[in-house]
Amino acid sequence: MASPAYSNHFSLANIPFGVASSPKHTIQCVTRLENTVVFLGILQKANVFKSVVGLPKDVFGQATLNSFAALDKSIQREVRAVLQVVLTKELPHGSTEDITAVSLHIPVAVGGFTDFSCSLHHVRNAGRAILNDETPPRGFFNFPIGYNGRASTIVVSGTPIVRPKGHIIDRSAATEEKPIVFGPSKAMDYELEVGVIVGKPVPMAKGVNAKDADEHIFGLVILNDWSARDIQGCEMVPLGPLNSKAFGTSISPWVVTLDALQSFKAPGPARDIQLASHLDDVALAESSYDIRLEVELVASEQTTTLSRSNFRDLHWSGRQMVAHLASSGADLRTGDILGTGTVSGSAKGSYGCLLEMNGGGKEPVSFANGLKRVFLEDGDIVQMSAVAGQDGSGVGFGECVGQLLPAL
C-alpha cells in the first residue's frame, strides 16, 4: 500500500493527478489532499464536474491519465479549479480513502521515453570524474543532447529493481587487452532526474516552439534513471547507452501540473550564443522552476542523505526538450516522458548520482554517519523527493522509491 509520507506536499495549492485502486475501488484516476486520496471517477459520476465544458464522459474512470492529459489546458485548469473548491466541502459518499489503504499505479501509459542531458554541472562533474576533463560535448550549448530509452521498463515508485546482467570489460584480467565478459553489473548507480510528461500531442512534421511548449506539457514527476555504469562503459561508444539503462526507470506516482508550479517560476541560465529559433524562449526569466530535490539511501536500518540539488540549475528547460525533440519532425504522444538527465549542482553534496561522487568508480564515498559506498549494493533503497519553493509551500511531488535486488 502507499506511504503516508510527505502529506504536507499535497495541499489545495497542489492538486496532483495519479491513478489508484483499492479493495473498495476499481483502478481509476485520483487526486490527493494531504493523506486523503480522492477518486475522480466517482466524483465525475456524481456530476461534480458538470460545469466543465468539453470534459469527456468517464474520462476519470480509466486506468491511466492519458485521456485527461491530452485535453486542452483550459479544460484541465477548470477541473483543477473545481477540485480546489469541492475538496473544502463534504464529498460524495465512498469517494475517498486514506493513502495507506490504496495502491498507486503508473499514472500514464508511456509510449516513448527520451532521456536528455540538461545539467551543465552534471556534464562537468562526470567528465572530471571519468576523463579528468570537464569540457562539455560540442553542441551542449546549442541544443539539449539526448537519446531514446526503453518506455516499457518505466515503473512506478515502490517497484523493486533487479540488478541487471550485461557485457562488461573485465579490468581485473591479467591480460594486456582486457576481455569482455557477461555477468551481473558491479557498478549500479541512480540518477536523480525530473520527468516531463507530454499532454496534448504534437503531430508528426508539425514541430513546436519552446515558447509555446507548455501547452503540450501535462506535468512533472520525479524520475530515477537507474544506471549500470560498467555495462554503460562497455556499450557507450559509438551509439550510446542501451542495456545499461533499459532494465528499469522509476517515476513518482503523482503528476504535478505546471499550473501548480506557477508560483515557483525561476529564470533560466544566461546564454552567450544565439539559439535556433525553435529553442529560443522569450520567457527566459520564467523558463524554469524552483524545485528542491533530495536523494536518500536506506541501508542497514539507517537513512543517509546523499545529495540536494535544484531543478532551476538545469541549462535546458522542459519546454526546450519538447521543442528539440519535435524539431526533426518527430511526433510527441500523450504519455511520452522526457527525462531531464541528472540534476546536479556544482558543489559536493549536490551531485545527482554516485558516479560524480566516487571519481568515476575509483574511490568510495564516505558520508557523515559512517556509511561508505562506491556504487549501490543489493538491498539498498534509494529514496528521492522534491518540493517546490521553500518548506511549507504545500506543493511537492512526494517520493520516488526503489530497492535494488540481487541479479537473477
Suppose all protein chains stay in the model; what accessible area per residue would a 1.4 Å probe give for the chain, in Å²? 43
Per-residue HN-Hα couplings for the range 261-273, Karplus 6.51 cos²θ - 1.76 cosθ + 1.60 at θ = phi - 60°, whole Hz, x for Gly and Pro? 9, 4, 6, 10, 4, 9, x, x, x, 5, 10, 10, 10
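As a test of understanding, state the convex hull volume per residue of the range 154-309 from its alpha carbons, in Å³. Please report the intermediate quantities before stating the final value.
On the way: hull volume 30.5 nm³, N = 156.
Value for the range 154-309: 196 Å³ per residue.
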Arranged from highest to lowest average of other beta-carbon atoms within 10 Å per residue, in what order do the peptides 377-390, 310-323 appear? 310-323, 377-390
Report the charge-dipole magnitude of the chain in Debye, nearest 20, computed about the Cα centre from +1 at each Lys and Arg Cβ and -1 at each Asp and Glu Cβ. 500
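Between R271 and A174, what length comes free when the chain is fully extended (0.36 nm per residue of separation minus the Cα-Cα distance, one decimal in nm)? Working shown, then result.
Values: separation 97, 0.36 × 97 = 34.92 nm, distance 4.87 nm.
So the chain would gain 30.1 nm between R271 and A174.
Within 10 Å, count the other beta carbons around each residue, average over each peptide in 399-408, 296-305, and list them highest first. The partial results should precede the final answer.
Working: 399-408: 17.6, 296-305: 13.6.
Taking the mean over residues of other Cβ atoms within 10 Å, the ranking is 399-408, 296-305.
With the cut-off at 23 Å, report for the range 58-146 the share of all Cα pairs above it, as a whole percent. Working shown, then result.
On the way: 2191 of 3916 pairs.
Everything past 23 Å amounts to 56 percent.
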Positive-end residue, the chain charge dipole about Cα centroid, Cβ charges, pick of N125, G146, T31: T31
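Got the relative contact order for the chain handy, in percent, Cα pairs under 8 Å and 6 or more residues apart? Numbers along the way, then the final one.
Details: 1004 pairs, mean separation 91.3, N = 408.
Over the chain, the number comes to 22 percent.
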Suppose only helical runs count, i.e. DSSP H with n ≥ 4. What mean residue ellipticity at 222 nm does that imply for the chain under -39500 (n - 2.57) per run, divided by all residues and rounded to the nearest 500 deg cm²/dmol? -3500 deg cm²/dmol
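Starting from the Cα-Cα distance between D212 and L405, subtract it from 0.36 nm times their residue separation and give me the gain in nm to one decimal.
Values: separation 193, 0.36 × 193 = 69.48 nm, distance 4.22 nm.
Gain on extension, D212 to L405, equals 65.3 nm.
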Could you calculate the contour length gain from K89 to V237, that is, 0.36 nm times the residue separation minus the distance between their Cα atoms, to one decimal place in nm? 47.5 nm
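Report in % the part of the accessible area of the chain that belongs to carbon and sulfur, leaving out ligands and nucleic acids; probe 1.4 Å. Display every interim value, and only then the final one.
Numbers: 9210 of 17570 Å².
Taking all protein chains in place, the chain shows 52 percent carbon and sulfur surface.
Mind scanning K165/K362; K206/K348; K45/K245; K206/K265; K73/K245; K265/K372 and naming the pairs with a C-alpha gap bigger than 31 Å? Provide the component values of the computation, followed by the final result.
Values: K165/K362 21 Å; K206/K348 42 Å; K45/K245 42 Å; K206/K265 28 Å; K73/K245 33 Å; K265/K372 37 Å.
Long pairs (Cα-Cα over 31 Å): K206/K348; K45/K245; K73/K245; K265/K372.
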If you work out mean projected area of the Cα convex hull in nm² from the coordinates, which of (1) 20.5; (2) 22.6; (3) 49.3 do you get? (1)
Ordering of 193-206, 146-159, 49-62 by burial proxy (mean other Cβ atoms within 10 Å per residue, highest first): 193-206, 146-159, 49-62
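The values are calculated or read from the model by the stated rules, or taken from the named source; none is laboratory data. In this text the structure is predicted, and so the values were computed from the model without any measurement. Neighbour counts run over all protein chains shown; Cβ positions are idealised from the backbone, glycine included. When the accessible area is computed, the model is the full protein with side chains, heavy atoms only, and any ligands, DNA or RNA have been set aside. Shrake-Rupley method; radii C 1.70, N 1.55, O 1.52, S 1.80 Å.
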